[in-house]
1. Pairs A:LYS3/A:LYS90; A:LYS3/A:LYS40; A:LYS216/B:LYS96: which are spaced more than 18 Å apart, C-alpha to C-alpha?
2. Among the lysines, select those whose C-alpha is under 29 Å from the C-alpha of B:LYS39, and discard any that sit fewer than 8 residues away in the same chain.
3. What nm distance separates the two modelled labels at A:THR76 and A:PHE101, each placed 7 Å from Cα along Cα→Cβ?
4. Report the normalised scattering of the protein assembly as shown as log10 I(q)/I(0) at q = 0.06, 0.07, 0.12 Å⁻¹, calculated by the Debye formula with identical scatterers on the alpha carbons.
5. Hey, if you put +1 on the Cβ of every Lys and Arg and -1 on every Asp and Glu Cβ in the protein assembly as shown, which of A:CYS51, A:ILE297, B:ALA7 ends up farthest toward the positive end of that dipole?
6. For chain A, set up a GNM with springs between Cα atoms under 10 Å and report which of A:ILE112, A:ILE19, A:ILE171 has the largest fluctuation.
7. Just to check I understand the Karplus step: with θ = phi - 60° and J = 6.51 cos²θ - 1.76 cosθ + 1.60, what whole-Hz values come out for the stretch A:239-245, glycine and proline as x?
8. For a quick check: sort B:TYR112, B:TYR57 by the number of other beta carbons within 10 angstrom, fewest at the front.
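Values quoted throughout were computed directly from the atomic coordinates according to the rules given, and no laboratory measurement underlies them. Worth saying up front: this structure is predicted, and the values here are computed from it rather than measured. In this analysis, Cβ positions are derived from the backbone assuming ideal geometry, glycine residues included, and neighbour counts consider all displayed protein chains.
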Amino acid sequence: MAKVTIDGIEIEVPEGTTILQAARLIGPEVAPPAMCYHSKLKTSGGYCRTCLVEVTKGSEKDPRPMPKLVPSCRTTIMDGMEVGNKSSAKVVEARKGVVEFLLLNHPLDCPICDQAGECHLQDLSYENGTAKTRTDFERRTFNKIDIGSKIQLHMTRCILCYRCVKVADQITDKRIHGVLNRGEASEISTYIENVVENDFSGNVIDVCPVGALTDKTFRFKSRVWFTKPMQAHRDCDKCTGKVNLWFKGEEVLRVTGRKDQWGEVEEFICNTCRFDKKKTSDWTVEKPAPINHHSVISANHYEVFVKPTEFKLNVVKPLSIEEKAN
Amino acid sequence: MQLTNRAQQVVQKEMTLAERLYLPAIFAGLSITIKHLFKKKATLKYPEVKREFAPVYRGQHVLKRDAEGRENCTACGLCAVSCPAEAITMDAAERKAGEEHLYREEKYAAKYEINMLRCIYCGLCEEACPKDAIYLTDRIVASEFTRGKFVYGKDVLVEKMDDRIDVSQRKKHYSIVNN
Ligand code: SF4
Ligand code: SF4
Ligand code: SF4
């Protein structure tokens, strides 16, 4: 076991844990955001640079700080390490820059994008970015590629996080799409069009943190905040069959895997469950899926409304009589 | 027991002769009425004379088209989610090839309805719209005989090409100052 202090909070974790995982154990207040790291995908992480943190003390034995900001998803902890995340001015500044770079070529077409409302890039830029763009240049455009009847690819929105490539590598048995070209010209593409036919290929939709890969059967059907997520399951011979159903009225518009607190899929589901079972009678509905009340998806869903608890009365205190007199 | 200290004893006193004639009271009342006949009127004869509205008056909505006549709205649903009265509903559809002159974006509102009876004319939809599509105007919502007619569809809301609605004044008042 090793002791590590993140943003002034100490925690003891097993050797070999990464800073990101340790921070997540403390809680969402100190956890750095991550776009490319995905806890269920091996070797993911290290591409997007949103999880950069400052290590102010390397370890008990060697207390020198690390000279540069380090990606917390790929850096393992040392005993006595001290890490600054949101408390470090350097990290806040760097993250602002990273967001600006990620948005440099992003089309910002959220009003059209089906991912809006559950997009990690939206959350990231709201929390860490600036309100205005400084780009004057033309943004990247690509020729539209059709990658099958179930999955829609919008290459312009891709942030090259490689999560979908890792899914194709690790979950499906043979990879037929990958990253072509380099640098600014890189793009996710299929080697052979129309062949993302593997039984688990639909999971690329769930792991994609932005709207680059979306469900074609849900395309433009509804905005996510008009739908109601319900946890449901069915007996499936290919996957666990544990999903979220997205209802609009009585109709199932979309089936996705369940996501955890960090927006990462808990269990990958098969394409039959995802694309072919869109009747309520196919499923055993359990209960409303938990949605953070800060999310726009919870807007107007009064039935799952939980009274916010983090509002601290003592922080917003009314002017007392003495203060008024002064 | 006395409940309040405002109770008053009622006295029935004898009326004087002038009071019993009632005429002075009638003339006093008439003179007030006649005085008002010559005062400036507080009301207007509505359809002929119209009151001048503030540039940001919030009346009937309009769905704008752009300079080339394409509909601005892309059915993003932000107006509907921001509407406190839940008055707005919409259905999106994908623009087909050959419809580029009708809709500005890849997605458009195939159906767009505002229930004018639910609407509280708060203007939040206008503020939420990222596409410059919905504006409240200084037009008054007409009265109807049935409630159903107050659900305005795209046929009423989208501005007509030969009857464009000028919202430049509102935009001036609404523009966000970036520094
Ligand atoms: S398509 Fe999505 S998952 Fe794949 S690299 Fe791009 S952003 Fe990441
Ligand atoms: S003016 Fe207010 S109440 Fe009326 S439709 Fe717009 S947001 Fe809803
Ligand atoms: S009117 Fe504006 S906010 Fe409403 S759906 Fe259309 S584009 Fe979105």
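1. Violating the 18 Å limit, Cα to Cα: A:LYS3/A:LYS90; A:LYS3/A:LYS40.
2. Hits, sequence-local ones excluded: B:LYS50.
3. Here the modelled spin labels are 2.6 nm apart.
4. Taking Cα atoms of the protein assembly as shown as identical point scatterers yields -0.42, -0.54, -1.27.
5. My answer, from the dipole projection, is B:ALA7.
6. A:ILE112
7. With the stated coefficients, the stretch A:239-245 comes to 9, 6, x, 9, 9, 10, 9 Hz.
8. On the way: B:TYR112 25, B:TYR57 17.
Going from sparsest to densest Cβ surroundings: B:TYR57, B:TYR112.
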